[in-house]
Amino acid sequence: MTAPTDLGTVLAQSYESATGTSTLDFHTGEIITWNSTTATNTVRVQGVVLNNLPVLTSAGSVGLEPGVTVGLLKVRTQYFILGRIVDQSTGLVNPQFPIILYPIFISNGVAGSVGQYRVNTGILATWEGRIKVSFPYIEVDGVWGNLSGAGSTTYEIKLGGTTVGAWTETTLNVVRRGPFDIRAFMGQDWLKIELAITVSTGTGEKAIQPLGCYFRDSL
């Protein structure tokens, strides 16, 4: 007898041999709520909302989030989330958790030297990237404030040119800022994101060195 190669057939035969009956179905559902830390969830399947379905794939690797369509395996009365169903023509496809930023300015310093990205007081500088907003909050980590001299520096996170978060540094800090609320931009694709110095005062050089920029699903 030839061994079955179809996954559904294999699972059905294994289940039948263990229980004496086979009930194996495929469905699609919509994620209503999703907690990426605990994997607790609610999923709408055929008009019914089910709670805390097990996930057969690595949830972090397939970008599970509210609003996405998922494939579901049903074994008798139990549903399992197989993974996310993605239309490949829709632009940026998740998972897309770290946000990549690029410097849109020339940093001070001698060519070939090492150090933090920085600009003189009064210079407006921006890091920029493109994102699909798939989570409700955003947070940034980095080096901010006075690398030399004194004064204050105001930084902003902008989405599509709109400020979603701002803070001011008066000393040199390596610290996370945020999370900032970006729920108003959920689902927007190829959206410009900017990390900018919008004003600085005093003397010396101001640091603008992001070390990480990430989506978050909670405050």
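The values are calculated or read from the model by the stated rules, or taken from the named source; none is laboratory data. The structure displayed is predicted, hence computed values, not measured ones. Positions of Cβ are backbone-derived with ideal geometry, glycine not excepted, and every protein chain shown enters the neighbour counts.
Scoring Ala207 on the criteria (1) closer than 30 Å to Val68 by Cα; (2) in a strand (DSSP E or B) leaves a single failure, condition (1). Residue pairs whose Cβ atoms lie under 8 Å apart, separated by 6 or more positions or on different chains, with the first residue in the range 184-196 and of a type in the set (Asp, Glu) and the second assigned to a loop (DSSP other than H, G, I, E, B) and at pLDDT 95 or above, are Glu194/Gly161. Only a single criterion out of (1) at pLDDT 95 or above; (2) outside any loop (DSSP other than H, G, I, E, B) is not satisfied by Gly202, namely (2).
The criterion of at least 1 residues that are modelled with pLDDT of 85 or more and closer than 20 Å to Arg177 by Cβ is met, among strands (runs of 3 or more DSSP E) falling completely within the range 52-162, by 118-120, 126-131, 137-146, 153-159.
Among the residues of the range 199-213, is there at least one that is more than 18 Å from Ile123 (Cβ to Cβ), within 16 Å of the chain's Cα centre (by Cα) and surrounded by fewer than 18 Cβ atoms within 10 Å (Cβ to Cβ)? Yes: the range 199-213 contains one or more residues that are more than 18 Å from Ile123 (Cβ to Cβ), within 16 Å of the chain's Cα centre (by Cα) and surrounded by fewer than 18 Cβ atoms within 10 Å (Cβ to Cβ). Among the residues of the range 164-183, is any out of contact with any helix residue (DSSP H, G or I) (no Cβ under 6 Å at 6 or more places or on another chain), basic (Lys, Arg) and in a strand (DSSP E or B)? Yes, some residue in the range 164-183 is out of contact with any helix residue (DSSP H, G or I) (no Cβ under 6 Å at 6 or more places or on another chain), basic (Lys, Arg) and in a strand (DSSP E or B).
A Cβ distance below 6 Å, combined with a sequence gap of six or more or placement on separate chains, defines the contacts here; from the range 34-49, residues that are free of Cβ contacts under 8 Å to residues at least 60 places away in the same chain reach residues that are among the acidic types (Asp, Glu) and surrounded by 10 or more Cβ atoms within 10 Å (Cβ to Cβ) in the pairs Arg44/Glu30. The number of residues in the range 145-173 being under 17 Å from Ile193 (Cα atoms) and hydrophobic (A, V, I, L, M, F, W, C) comes to 5. Examine the range 144-159 for a residue that is aliphatic (A, V, I, L, M) and within 19 Å of the chain's Cα centre (by Cα), and state whether such a residue exists. Yes, the range 144-159 contains at least one residue that is aliphatic (A, V, I, L, M) and within 19 Å of the chain's Cα centre (by Cα).
The one condition from (1) over 17 Å from Leu211 (Cα atoms); (2) hydrophobic (A, V, I, L, M, F, W, C); (3) surrounded by 15 or more Cβ atoms within 10 Å (Cβ to Cβ) that Leu147 does not meet is (1).
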